[in-house]
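The values are calculated or read from the model by the stated rules, or taken from the named source; none is laboratory data. It should be emphasised that the depicted structure is a prediction, and the values quoted were computed from it without experimental measurement. Cβ atoms come from the backbone with ideal geometry, glycine included; neighbour counts cover every protein chain shown. The protein model used for the area step is the full one, side chains on, heavy atoms only, and it has no ligands, DNA or RNA in it. Shrake-Rupley method; radii C 1.70, N 1.55, O 1.52, S 1.80 Å.
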Amino acid sequence: MYVKPKKELGQHFLKDLSIAQRIAELLTMHAGVDGVPYTKVLEIGPGMGVLTQFLLQNTKLDTYVIEIDRESVDYLKQHVPALEGRILGADFLNIRPDLLPTKQANSTEPFAVIGNFPYNISTQILFKVLDMRDRVPEVVGMFQREVAQRVASGPGNKDYGILSVLLQAWYDIKYEFTVDPDVFNPPPKVFSGVISLRRNKTTDLGCDVKKFTQVVKHGFSQRRKTLRNALKPLAPSEAALASPFMDKRAEQLSVAEFVALTKLMGENTPE
């Protein structure tokens, strides 16, 4: 039995076993904010299990997979018996968080996320992880290279943007390595990049998280403009308007500076 990659699902199956092994070995069992190492890992979009086989070799981890493609689910059930009872035939973006990574409701256990993520939903995957940040202490993923670079970029870099700031507020991020198109079936038209995200110790930004997100998104919405202009729709307070941050562009501010600016914005920031 062979699973044909489906364009509509953004499937590009990894063929190179050495790269799959390298990705699996990036998991460190990093402890979350509670200081307790996780013991479960959830692979998103395992396909025919090229990466899965190396995850299963790690006896310290309980491996679960989530796959929306029915054909891939059938393949895994037939060819990877070690996954019995650990395959979630569902869409990661739409599944209830309390069902992850098990099929048992009301689970709050921490778990790592790993995968060769479909490029068309990779950003959405990261936003869902962000919502579950206190349950997901570690992420290792393959993305389109430009997305991976954007997530890992720091202030002053042209790739630095909304996703960079929002994720780096809660995770330490490292660009691990680049992957050529020819190791996939079918080969994508772009290079890929593997990154790792490890939860930092931040439990409270010291400002309203919703407002912080709003300031970051508005700031980068017109990234060539100064924040004084980009943030006008949010009706900044007098304190914010007097801040030297307002004369900079969004890409020049660190996470800590965005937090400081959010605190200055005032209580009357429009929703």
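Before moving on, here are some points about what is shown:
- Dipole-positive endmost among Ile95, Leu231, Val33 within the chain (Cβ charges, Cα centre): Leu231
- Folded to 0 to 90 degrees: helix 122-131 orientation relative to the chain principal axis, Cα: 70 degrees
- Among Tyr75, Cys207, Met132 - extreme Cα towards positive end, dipole of the chain, charges at beta-carbon: Cys207
- Residue among Thr203, Thr123, Thr52 with the largest mean-square fluctuation in a Gaussian network model of the chain, springs linking Cα atoms under 10 Å: Thr203
- Overall form of segment 174-271 per C-alpha gyration tensor (a/c, 1.5; a/b vs b/c): prolate
- Among Asn200, Asn116, Asn94, residue whose mean-square fluctuation peaks in a GNM of the chain (springs only between Cα atoms under 10 Å): Asn94
- Nearest-20 debye value, segment 1-94 charge dipole, Cβ charges on Lys, Arg, Asp, Glu: 180 debye
- For segment 59-76, 3J(HN,Hα) computed residue by residue from phi via the Karplus equation (6.51, -1.76, 1.60; θ = phi - 60°) reads 6, 7, 10, 9, 9, 10, 10, 10, 9, 7, 7, 4, 5, 5, 4, 4, 4, 5 Hz, glycine and proline entered as x.
- Amide H partners (placed H, <5 Å) of Phe191, local residues excluded: Arg145
- Prolate/oblate/rounded label for segment 92-209 (Cα gyration tensor, a/c 1.5): oblate
- Surface calculation, 1.4 Å probe, protein heavy atoms: His12 sits at approximately 50 Å² accessible.
- Cα long-axis angle, helix 255-264 against the chain (0 to 90 degrees, to the nearest 10): 40 degrees
- Cβ-placed point charges (K, R +1; D, E -1), dipole of the chain about Cα centre in debye, nearest 20: 640 debye
- Overall form of segment 2-76 per C-alpha gyration tensor (a/c, 1.5; a/b vs b/c): prolate
- Exposure of Phe127 as accessible area (Å², to 10), given a probe of 1.4 Å and all protein chains: 70 Å²
- For segment 32-111, trypsin sites (Lys or Arg not before Pro) are listed when DSSP marks them as loop and at most 16 other Cβ atoms sit within 10 Å of their Cβ; the list is Lys60, Lys103.
- Within segment 132-152, backbone nitrogen closer than 17 Å to the virtual label 7 Å beyond the Cα of Asp159 toward Cβ: 140-152
- Amide hydrogen neighbours beyond the local backbone of Phe184, cut-off 5 Å, H modeled: Lys15
- Amide H contacts of Tyr171 (H built 1.01 Å from N, under 5 Å, at least 5 apart or other chain): Asn200
- Residue order for Thr39, Thr202, Thr262 - accessible surface, 1.4 angstrom probe, largest first: Thr39, Thr202, Thr262
- Computed from backbone phi, the HN-Hα couplings of segment 8-17 come to 5, 9, x, 7, 9, 7, 6, 9, 7, 5 Hz, rounded to whole numbers (Karplus: 6.51 cos²θ - 1.76 cosθ + 1.60, θ = phi - 60°; Gly and Pro given as x).
- Take the Cα of Phe177, go 7 Å toward its beta carbon, and the backbone nitrogen atoms of segment 24-52 under 15 Å from that spot belong to 24-27, 51.
- Sequence-ordered 3J(HN,Hα) estimates for segment 138-145 from the Karplus curve with 6.51, -1.76 and 1.60 and θ = phi - 60° stand at 8, 9, 10, x, 9, 10, 4, 3 Hz, glycine and proline given as x.
- Value of relative contact order over segment 209-266, rounded to a whole percent, pairs C-alpha under 8 Å and six or more apart: 41 percent
- Rg to Rh quotient for segment 209-266, alpha carbon positions, Kirkwood Rh: 0.89
- Of Gly35, Gly89, Gly161, the one that fluctuates the most in a GNM where the chain has Cα springs shorter than 10 Å: Gly35
- Stokes-Einstein translational diffusion, the chain - Kirkwood Rh over all Cα pairs, 0.890 mPa s, 25 °C, in µm²/s: 124 µm²/s
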